[in-house]
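Written out below as structure tokens is the structure these notes cover.
The values are calculated or read from the model by the stated rules, or taken from the named source; none is laboratory data. Remember, it's a predicted structure, so these values are computed and weren't measured experimentally. Quick reminder, even Gly has a Cβ in these numbers, built from the backbone with ideal geometry, and neighbours come from all protein chains shown.
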Amino acid sequence: MRRLLVTGGAGFIGSDFVHYLMSHTDDSVTVLDKLTYAGNRASLESVPADRFRFVEGDICDAVLVNELFDEHDAVVHFAAESHNDNSLSGPVPFVHTNLVGTFTLLEAARRTGVRYHHISTDEVYGDLEFDDPERFTESTPYNPSSPYSSTKAGSDLLVRAWVRSFGVAATISNCSNNYGPRQHVEKFIPRQITNVIDGVRPRLYGDGLNVRDWIHADDHSSAVLTILDRGRIGDTYLIGADGEKTNRQVVEIILAQMGQSSDAYDLVTDRPGHDKRYAIDWTKLRTELGWEPSFRDFESGIAATIRWYQENEGWWRPQKAATEAKYELSGQ
Ligand code: NAD
Ligand code: TDX
């Protein structure tokens with residue numbers, strides 16, 4: 001039985017990964033999570049207790065991190081400050097958690113030789129023009145736009161350097177935009193679903209024509225497990241599922257599925273530096289590791305996500321008012 005340490009396991013994708021591990025492996029799992037505003041202990045409520053331990057703590061705490069590395073066979077690092085809008089209004093925790101936190105984990109990996117998988121984002125590559133026939137690949141140059149994506153890019157570069165200079169046994173994955181249950185209401189899809197539940201019109205930044213490449217969080221989790229099990233040490237893998245949509249298309253799907261007219265949204269102040277388009281070429285993951293996504297139908301994935309928010313109001317309601325108050329300040 002492998003002993004896995006999962007950082008950020010009380011967040012959206014980290015908790016999805018823990019649930020995925022419980023149903024697809026016999027690994028035992030420890031979550032290390034600081035329980036910031038984005039962490040929610042309730043996301044791990046149904047995890048079987050006999051294979052699971054929760055440690056509340058900071059990935060920048062070198063003493064704690066070193067103790068935990070000594071007790072585990074592999075580490076999957078999800079913990080991050082993850083929201084672009086927050087990184088524009090307050091970048092300090094992004095530098096701290098995304099850079100210093102990753103550095104702290106890498107130093108522990110160097111000391112112990114523990115296998116390390118680093119979770120990152122396609123945003124490190126910057127953005128694409130709407131009509132660019134190319135998509136991001138593992139060799140696209142880094143060109144991040146926001147404080148969030150630049151700190152994620154910096155963390156990826158630390159991993160690459162620790163592999164090359166110190167022989168740390170690491171892999172990296174860069175994934176496209178995730179959707180699914182248990183995502184914080186600050187993010188685009190849950191914000192709009194919970195707005196409609198509250199009788200509030202969805203809000204699209206700018207002209208609503210920016211493009212994101214959507215993947216279900218369960219597909220992200222299955223890809224990460226594939227890379228952890230069979231990825232080549234030192235390599236980077238892009239994770240995507242051919243899910244390009246304009247933000248307007250996404251909102252129209254949500255509105256239609258929730259019984260509203262498809263134009264019942266408002267255009268609001270754009271995000272400064274707003275990346276135009278992301279698109280992932282995941283050929284390497286398919287051809288080298290044989291991975292395929294399972295969620296091929298975005299509309300049914302969204303329908304299930306809407307149902308989850310309708311049925312789990314107790315999970316998201318405590319964050320909703322404060323999140324909307326923050327958006328109100330920036331006219332969004
Ligand atoms: P999230 O904001 O939902 O969760 C982040 C978790 O990390 C929270 O539980 C939080 O409490 C914890 N955390 C934050 N700072 C910490 C610290 N200093 N020490 C310990 N724990 C800390 O984020 P998410 O959307 O689940 O993203 C997880 C990872 O996936 C991030 O690394 C992100 O960059 C990456 N990613 C996200 C997406 C996406 O669409 N959400 C896409 C690609 C990659
Ligand atoms: O109310 C909104 N209206 C709107 O039009 C919000 C919250 C967002 N948007 C737009 C901005 C983006 O074009 O929707 C798109 C998606 O926005 P976010 O959910 O904030 O995601 P994004 O900025 O694309 O980043 C996400 O994907 C990559 C995650 O938050 C990152 O952690 C991940 O790395």
- Do any residues in region 28-39 that are within 16 Å of Val65 (Cα to Cα) have Cβ atoms under 7 Å from those of residues that are of a type in the set (Phe, Trp, Tyr) and away from ligand 2 (no atom under 14 Å from the Cβ), where the two are at least six apart or on different chains, and which pairs are they? Val29/Phe52; Val31/Phe54
- Here the residues within region 171-199 that are more than 20 Å from the chain's Cα centre (by Cα) and away from ligand 2 (no atom under 11 Å from the Cβ) are Val196, Ile197, Asp198, Gly199
- Query: So which of Ala79, Ala42, Ala74 is under 25 Å from Asn178 (Cα atoms), within 16 Å of ligand 2 (Cβ to nearest atom) and at pLDDT 95 or above?
  - Reply: Ala79
- Item | Pair list, Cβ under 7 Å, 6 or more apart: region 115-134 residue closer than 24 Å to Thr171 by Cα and away from ligand 1 (no atom under 15 Å from the Cβ), other residue assigned to a strand (DSSP E or B) and among the small types (Gly, Ala, Ser) | Arg115/Ala74
- Task: May I ask you to list the residues in region 41-76 that are touching a helix residue (DSSP H, G or I) at 6+ places or on another chain (Cβ under 7 Å) and within 7 Å of ligand 1 (Cβ to nearest atom)?
- Result: Gly57, Ile59, Cys60
- Query: What number of residues within region 202-221 satisfy the criterion of being on the phi < 0 side of the Ramachandran plot and either surrounded by fewer than 19 Cβ atoms within 10 Å (Cβ to Cβ) or within 11 Å of ligand 2 (Cβ to nearest atom) (or both)?
  - Reply: 13
- Query: Of the conditions (1) surrounded by 17 or more Cβ atoms within 10 Å (Cβ to Cβ); (2) of a type in the set (A, V, I, L, M); (3) under 20 Å from Thr305 (Cβ atoms), Leu5 fails just one. Which one is it?
  - Reply: (3)
- Task: Output yes when any residue across region 295-318 is closer than 20 Å to Asp122 by Cα, touching a strand residue (DSSP E or B) at 6+ places or on another chain (Cβ under 7 Å), of a type outside the set (D, E, K, R) and in contact (Cβ under 8 Å) with a residue 24 or more places away in the chain, and no when none is.
- Result: yes
- Is region 171-178 home to any residue that is in contact with a Leu (Cβ under 9 Å, 6 or more places away or on another chain), surrounded by fewer than 20 Cβ atoms within 10 Å (Cβ to Cβ), not β-branched (Val, Ile, Thr) and not in a strand (DSSP E or B)? no
- Identify all residues within region 11-39 that are surrounded by 21 or more Cβ atoms within 10 Å (Cβ to Cβ), within 16 Å of Pro181 (Cβ to Cβ) and in contact with a strand residue (DSSP E or B) (Cβ under 9 Å, 6 or more places away or on another chain); write none if there are none. Gly11, Phe12, Ile13, Gly14, Ser15, Asp16, Phe17, Val18, Gly39
- Task: Evaluate region 224-246: report whether one residue or more is of a type in the set (Ser, Thr, Tyr) and closer than 27 Å to Thr36 by Cα.
- Result: no
- Query: How many residues, within region 271-294, are part of a helix (DSSP H, G or I), more than 16 Å from ligand 1 (Cβ to nearest atom) and in contact (Cβ under 8 Å) with a residue 24 or more places away in the chain?
  - Reply: 4
- Item | Residue list for region 136-154, restricted to those being in contact (Cβ under 8 Å) with a residue 60 or more places away in the chain and within 15 Å of ligand 2 (Cβ to nearest atom) | Phe136, Ser145, Ser146, Pro147, Tyr148, Ser149, Thr151, Lys152
- Item | Selection within region 232-270 - buried (at least 17 other Cβ atoms within 10 Å of the Cβ), within 16 Å of ligand 1 (Cβ to nearest atom) and in a loop (DSSP other than H, G, I, E, B) | Gly240, Ala241, Gly243
- Flagged in region 89-108 as touching a Gly at 6+ places or on another chain (Cβ under 8 Å) and more than 10 Å from ligand 1 (Cβ to nearest atom), in numbering order, are Leu99
